[in-house]
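Single-structure report; data block below.
Since every read-out is calculated from the coordinates, none of them should be taken as a lab result. The structure displayed is predicted, hence computed values, not measured ones. We place every Cβ from the backbone using ideal geometry, glycine too, and count neighbours over all the protein chains shown.
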């Protein structure tokens, strides 16, 4: 088992290093002629006006919050799904109640118009 | 030569024997084997993507009544190689206002997450990078890095188009991860394992045709639609909508850094197709795969290519959605349907029905949930379509 993770660790090292090695290699062969116009922000030939790094809209936070809830739900459902065949009826009903509670959360968000894109 | 002796495992065993005979320590052997395996996966991925880009461009060309690439090499096969060489020698323009560290890190991370996903994909029985017992969970974990890379690129470029693209990445990739995960949980529940190879093994009944897609067609549909969105493909390619935000989060990238995003995009599509094949289409399962283990690789690659073809077909055919339509489709249609399907499958599996009856019940439940969902969707859409349209909504004073 540990051997399997050895391959993943090795692949992680290689996959992380490889793109940067290739970009480093192109640094050797590519032309380097920077000038202020070329290196300015691309905006269809116009000059950029105003700050770019603005705050995220509140709408995104709402979706992110719902996402976190459901992602954690998925984390809990994976062990349940793997052990499903050994589980008794009680555990299954419990898991279904868990899903139902989350579904209620989704319905609440729905009714509160949190899922409407304004 | 006897065909049945072609076994990719034999090559591995031969290599293992070679290392042992060279008198190395056990740890050294493990390190070298891991290194060779990782390099093989990396090389496979890079060669594959060269072919995939050509394939998709050619397909899109034919579907849209164009020729597609046909100048470099036979049938334009070397077009991608030429493109890669060109991008390798291009000047790398970094905008002066960019945040350098995340700007340079983002393309690397984008490639990292797709290459990492290759590790757990079973190409054939036992021909798999790492057959870990949390395979599906690992794929989710690695896949989440992709949205981070896109967000980093969008934010660090300090460009308004890129920033909007980055915002959309957050909204889209995070939202569609939920139906994707929920659809992947259902086969895990049926087979009782998260091991990717275990999922393929579990679909070996009926002469290698006991695929989960027959009993769980709705789970596959949800998975497929969500994988289109996760792969940033049309009709869900809002985050790089050319007509609105030019190219999305990778607008400020040039040269090799752009090439990495391009590679990650195609590879991601293929990886999603491979996951779909493994989980729903039996992976390497097929007739005579027990007698001829090498056939498994052919079956797997063939099925994955068919799924990739469907993705390219959809991309070349469908127009783009609006962001509000995309978000409501995910949260108001796919997620509730996936939750209902999860509950229904859990109940049906616990009824302890005899085998053919259980499969039929699962299929009936899938189709019934799909039809109900589509009917409800159609009804609300029609209501919205025929709702009286006023020039302005009169405000009724509240008493």
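Starting from the alpha-carbon convex hull of the stretch B:225-325, give the projected area averaged over all orientations, in nm². Mind dumping the intermediate values first?
Numbers: hull surface 31.3 nm².
If you wrap the Cα atoms of the stretch B:225-325 in a convex hull and average its projections, you get 7.8 nm².
Can you show me the helix-derived [θ] at 222 nm for chain B, built from DSSP H runs with n ≥ 4 at -39,500 (n - 2.57) apiece and divided by the number of residues, rounded to the nearest 500.
That comes out to -23000 deg cm²/dmol.
With a point put 7 Å past each Cα toward its Cβ, work out how far residue A:32 is from residue B:46 in nm, to one decimal.
Placing both labels 7 Å beyond Cα along the Cβ direction yields 2.3 nm.
Can you tell me the 0 to 90 degree angle between the C-alpha axis of helix A:58-82 and the longest principal axis of chain A, rounded to 10?
50
Just to confirm the number: angle between the C-alpha axis of helix A:89-111 and the first principal axis of chain A, 0 to 90 degrees, nearest 10?
50
Does the stretch A:58-111 come out rounded, prolate or oblate by the C-alpha gyration tensor, with a ≥ b ≥ c the root eigenvalues, rounded set by a/c under 1.5 and, if not, prolate when a/b is larger than b/c and oblate if not?
Judged from the Cα gyration tensor, the stretch A:58-111 comes out oblate (a/c at least 1.5, b/c at or above a/b).
Summarise the partner chain shielding of B:336-343 as one whole number: the mean count of Cβ atoms from other chains within 10 Å of each residue's Cβ.
Mean shielding count: 3.
Going out from 0 in 10 Å bins, what whole percent of all Cα-Cα distances in chain B drops into each bin?
4, 19, 28, 25, 15, 6, 1, 1, 0, 0
Let me know the mean shielding of B:104-113 by other chains, meaning the per-residue number of their Cβ atoms within 10 Å of its Cβ.
That works out to 4 on average.
For Cα pairs less than 8 Å apart in space and 6+ apart in sequence, what is the mean separation divided by the residue count of chain B, i.e. the relative contact order in percent?
With pairs under 8 Å counted, the relative contact order is 20 percent.
So between residue B:367 and residue B:25, what do we pick up on full extension, going 0.36 nm a residue minus the alpha carbon distance? Please report the intermediate quantities before stating the final value.
Working: separation 342, 0.36 × 342 = 123.12 nm, distance 5.67 nm.
Full extension from residue B:367 to residue B:25 adds 117.5 nm.
If you fit an axis through the alpha-carbon atoms of helix A:2-29 and take the longest principal axis of the Cα set of chain A, what angle between them do you get, 0 to 90°, nearest 10?
Compared with the principal axis, the helix lies near 20 degrees.
Between A:58, A:15, A:83, where does the largest GNM mean-square fluctuation fall for chain A, given springs only between Cα atoms within less than 10 Å?
Its mean-square fluctuation being the largest, the pick is A:15.
Take the alpha carbon gyration tensor of chain A, find the square roots of its eigenvalues, order them as a ≥ b ≥ c, and report rounded if a/c is under 1.5; if not, report prolate when a/b exceeds b/c, else oblate.
Note, shape of chain A comes out oblate.
Please compute, for the alpha-carbon atoms of the stretch B:9-84, the extent along each of the three principal axes and give them in descending order in Å.
Principal axes ranked by extent give 60, 23, 17 Å for the Cα atoms.
Across peptide A:68-80, how many C-beta atoms of other chains are within 10 Å of each residue C-beta, on average?
Working: counts 1, 1, 11, 6, 0, 5, 9, 3, 0, 8, 10, 3, 4.
Per-residue shielding by partner chains comes out at 5.
Could you work out the Rg to Rh ratio of the stretch B:52-188, with Rh taken as the Kirkwood radius (inverse of the mean 1/r over all Cα pairs)?
Numbers: Rg = 18.8 Å, Rh = 18.1 Å.
Using only Cα positions, Rg/Rh for the stretch B:52-188 is 1.04.
Using a/c under 1.5 as the rounded threshold, could you call the protein assembly as shown rounded, prolate or oblate? The axes a ≥ b ≥ c are square roots of the C-alpha gyration tensor eigenvalues, and prolate needs a/b larger than b/c, oblate otherwise. Please list the in-between numbers first.
On the way: a/c = 1.70, a/b = 1.02, b/c = 1.66.
In terms of gyration-tensor shape, oblate.
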